[in-house]
Every structure is written in C-alpha cells, then in structure tokens.
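Written out below as structure tokens is the structure these notes cover.
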Amino acid sequence: MEKEILVRANKKFREEVKKGLTTQPKFLPSKYFYDKKGDKLFQQIMAMPEYYLTDCEFDILEKYKSKLTAYFAEKNGFDLIELGAGDGKKTKILLRYLIENNIDFEYLPIDISSNSLKKLEKSIKKNLPEVKMKTLQGMYFSVLEKLSEYNKRKKVIIVLGSNIGNLKHKKAVEFLNNIQKSMQQGDLLFMGFDQKKNPQTILNAYNDKTGITAAFNKNILHRINRELKANFVVDEFLHWESYNPETGTAKSFLVSKIPQQVKISALDLNIDFKQWETIHVEISQKYTDEVVEWLAGKAGLKIKECFSDNRAYYKNYLFEVDKK
Ligand SMILES: C[S@@+](CC[C@H](N)C(=O)[O-])C[C@H]1O[C@@H](n2cnc3c(N)ncnc32)[C@H](O)[C@@H]1O
C-alpha cells in the first residue's frame, strides 16, 4: 500500500516538475520543498527571529487553549484532524492541554511529508503517550476526500502555520470548500491566516541574512537533481523575495544568474534558462479580516470567532458551516 502511494506521489512530482519548467514563466510548486532536508530547514526557519509567524501562533494557542477546548470538547469525544501538520510543535500545546483535562479525542495528522509524520508520531509517543493518533500521508486535496469517512462523531479540522497562504485565492476557496464539504453541522475548522503588516517585516521573514530561507527554497532544485537525475548547478540560482502591499502577496523566486541549460534525465528533458530568468516557487498570502470573511463566504463557511496575538500580526479563525 505504502509502495503504491509512493509510486503515485513520484508520478505526480514528475508531471508537475515537467509542467512547471516547460511553462512560461516557469514555476515549481512549493509543496516539494519538504523532503527530509527541507523539513529540517523549515524547522530552522521557524526558529529564526525574523519568522514571526511561529511565535504569534504559539502565543495564540497558549492564551486561548482553554477557550478552544471548550469549543472542541464533546460528550462522545471528537476527531482532531490536522492538515499539513509538520513537526506539530504548536499543536502539542493543544494536545497536552486536552490530555491534562481528560478530554476524549483522537489526533489524525495529515502531511505530504512521510518523514515529518514519522518524526511527529515518534515524538508524540515519547512525550504525550496518552494521545490516540493515526497518521495519514498525502496531499491535502486527495486526503480531504477521505475525511468524510470521519463522520461518526464531531470533527475539528485544524490548519496551522498559515499553510493556506501558499494558495492563490481561487485555490484557497477550493481548499476551504473541500474542507466544508467534509464537515457536518457542529464540526469546526480552526485555521491560521498571516495578516497584512509593515511590508518590511514581511520581507524580512522570507529573506533572512543567514540564508536559511534561500537554502530551503533551493532545496527543490537539489531534490530534482536527486530524484529526477538532473544537473542543476544550484549556486547559479539566487533566491529573490518580493511583497506587494496592495494585494498582500509575497512571492519567492529562484533566478538564474547566467544563461544555462539543465538536463533532467528522468524526464528526457533539456530546459534552457536565459540570464535572470525566474522560477516562481512560492506565494505566501497575507490577509485582512475582510478577505478571510470573503473567502469563507465563498466556501460556505462562517467565522465563529477570531483569535489574535497582541500585535495583530497573525490571526486564527474558528469557522463553522454556514447554514444558508
Ligand atoms: C509551512 S509548513 C507548516 C507546518 C505546521 N502546520 C506548522 O504550522 O508549523 C507546511 C506543512 O504542510 C505540508 N504540506 C505542504 N503542502 C502540502 C500539501 N499540498 N498537502 C499536504 N501537506 C502539505 C508540508 O510538508 C509541511 O509539513
């Protein structure tokens, strides 16, 4: 079964790399940043002083864990489903609190990275052995279809780290709507959305001086080299970040410093780069309450409550299905 999933994932990776590098302008999906090395680099990003998102969400969860538990807890227990769980560092605040208060729940983390899931399972078994858990490996969209099977009791779906910000608004509505379709009356969705703020603060978060973000983004080229037998000279690409304060969209690019040709043997493909040609690798959307309300409305969801850190840098919204 696991082998079958891996074969399918690899096929999708090949298709998406081929599509992205043969389209003009070139692009690659950021979900492929996360392999063993990428997961580690992302953990380093979360520990950087410039990457305010983690601390903000940490504070929100600490401050509101009791209020959230009151929303989540149910007589017959509930299923806590996390999309894009990563290392679950912030989720553990909630898990610990739920265990300390003898709340009946099962934890179901979902992630594209099997490496992350294995590590998460190991650390929860060690540090919070009372947590009942089952990991699900896969991409949001395919795993979401299976979520409707979890309908025997209340579902609480959580998405932390502003993962939704990696999607353009159209895809974000689709994502929210897929979640909404898996929800029944009484189910809840708790999701983090990074907010618009001083543009410099945002740029700094994705442009650290130590070069960790650059290494994280360039990891996708190393991955293509390794998994698809390519010959990217990674140092001939530079990491470039931009932020548009009007639209709230931060964009990450890899820029070819020289004219060059890259061979991707596994795809039987030669890709030409002009000097300063770009590969768009990630968007990190920043939001306002109005935009979140608009996205939710389009997806058939309603905001129940919104939780913010002191500086209003970051907000977590609690949604329910809109009965209309
Ligand atoms: C920005 S990290 C956030 C991790 C965690 N939620 C947090 O807040 O610390 C994104 C996580 O989502 C996973 N991910 C990214 N794209 C995904 C996709 N399309 N489907 C499933 N997981 C995905 C990555 O492997 C990674 O663990």
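Quick rundown of the values:
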{"item": "Carbon plus sulfur fraction of accessible area for the chain, probe 1.4 Å, in percent", "result": "51"}
{"item": "Sorted peptide list for 129-137, 229-237, criterion being average Cβ within 10 angstrom, highest first", "result": "229-237, 129-137"}
{"item": "CD proxy at 222 nm, helix term only [per DSSP H run n ≥ 4: -39500 (n - 2.57); per residue of the chain; nearest 500]", "result": "-13000 deg cm²/dmol"}
{"item": "Amide proton proximity set for Leu167, modelled H, under 5 Å, gap of 5+", "result": "Gln285"}
{"item": "Proximal charge balance of Gly297 [Cβ under 15 Å; K/R count +1, D/E count -1]", "result": "0"}
{"item": "Distance between the stretch 13-51 and the stretch 264-316 - C-alpha centres, whole angstrom", "result": "13"}
{"item": "Relative contact order (%) - criterion: Cα under 8 Å, at least six apart; region: the stretch 238-294", "result": "34"}
{"item": "Three-way shape call for the stretch 182-324 based on the alpha-carbon gyration tensor, with the a/c threshold at 1.5", "result": "prolate"}
{"item": "Alpha-carbon Rg with Dmax, taken over the chain, Å", "result": "19.9, 64"}
{"item": "Dipole moment magnitude, nearest 20 debye, the chain about Cα centre, only Lys, Arg, Asp, Glu C-beta charged", "result": "600"}
{"item": "Where Glu293, Glu277 fall by accessible area, highest first, once all protein chains stay in place (1.4 Å)", "result": "Glu293, Glu277"}
{"item": "The chain: relative contact order as a whole-number percent, Cα under 8 Å and 6+ apart", "result": "20"}
{"item": "Arg226 accessible area, assembled protein chains, probe 1.4 Å, Å²", "result": "140"}
{"item": "The stretch 1-99: relative contact order in percent, alpha carbon pairs under 8 Å with at least 6 residues between", "result": "20"}
{"item": "Average accessible surface area per residue within the chain, 1.4 Å rolling probe, Å²", "result": "49"}
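The values are calculated or read from the model by the stated rules, or taken from the named source; none is laboratory data. Computed from a predicted structure; not experimentally measured. Note that we place each Cβ from the backbone using ideal geometry, even for glycine, and neighbour counts take in every protein chain shown. Surface areas here come from the heavy atoms of the whole protein model, side chains and all, with no ligands, DNA or RNA. Shrake-Rupley method; radii C 1.70, N 1.55, O 1.52, S 1.80 Å.
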